[in-house]
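Remarks on the structure that follows.
No value in this document is a laboratory result; all are computed from the given coordinates. All values derive from a computational prediction rather than experimental measurement. Cβ sites come from the backbone with ideal geometry, for glycine too, and all protein chains shown count toward neighbours.
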């Protein structure tokens, strides 16, 4: 105003999965494309998480670790085939089957649910092994997580921008026309407002708790929220709401009523808020009732 997959009880990255490789040794992967890098980073980050959870008391090159890695990878391959596996280290083998089953699904839906990203089993396997070994070949586990999160976030933002570009264009046209109307004031940030009633009370600060009545609509007049309709004023801190509200409230003496026209970048941007779709320009009538103690 984060998501675990089947084995992200081990690591919080974003809905990951993987499989096994021909070698159980840390090796330098060949990464030619962004998709290659994502597959490898995906395996590496998750391998590191599993290492920290399941192998934390073992030396990276001990026989015990080698056996456990082999069990995990065998379980993973069996899971991809839909079979069960019974190994000496049953807990980690069972984890492998769950990972394999999830990876099998991602081969249909795309890596991390992105249909444009093809799952590369061998790169994920090698990343997994390198992570289990604690290797920093190509990148370390922290860099892998950062790369995955930032890259997938950018891809999601690009998707949303394309899918909802109509909202952005419509909002920009609305604001361009609206700013020339009598009584409409535009601030440096792009916020637009009209003074319906000016109060005589104090101005709120960033950390003030304020009581307000408001009525919010989209530019097509769809009502998405209204304390007036609920007959229940809202109380919140000025700096804990969307930027357009924060800026406007600090311009309003207590007792004022303003009409706000909030550009998408000062509202929810590319976030989907149900009735408020990404890149939506918002309109509010806001009455500042009091600054709470």
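When the helix-only estimate is applied to the chain (DSSP H runs of n ≥ 4, each -39,500 (n - 2.57), divided by the residue count), what is the mean residue ellipticity at 222 nm, nearest 500 deg cm²/dmol?
Details: 8 runs with 120 residues, N = 293.
Taken over the chain, the calculation gives -13500 deg cm²/dmol.
State, to one decimal in nm, how far the label point of residue 64 lies from the label point of residue 185, with both points 7 Å from Cα in the Cβ direction.
The answer from the label model is 7.0 nm.
Between residue 27 and residue 292, 0.36 nm times their residue separation minus their Cα-Cα distance comes to what? Intermediate values should be presented prior to the final figure.
Values: separation 265, 0.36 × 265 = 95.40 nm, distance 6.14 nm.
Using 0.36 nm per residue and subtracting the Cα-Cα distance, I get 89.3 nm.
7 Å from Cα along Cα→Cβ at both residue 52 and residue 108: what's the point-to-point distance in nm?
3.2 nm
What nm value, rounded to one decimal, do you get for the distance between residue 91 and residue 272 when each label is placed 7 Å out toward the C-beta?
3.8 nm
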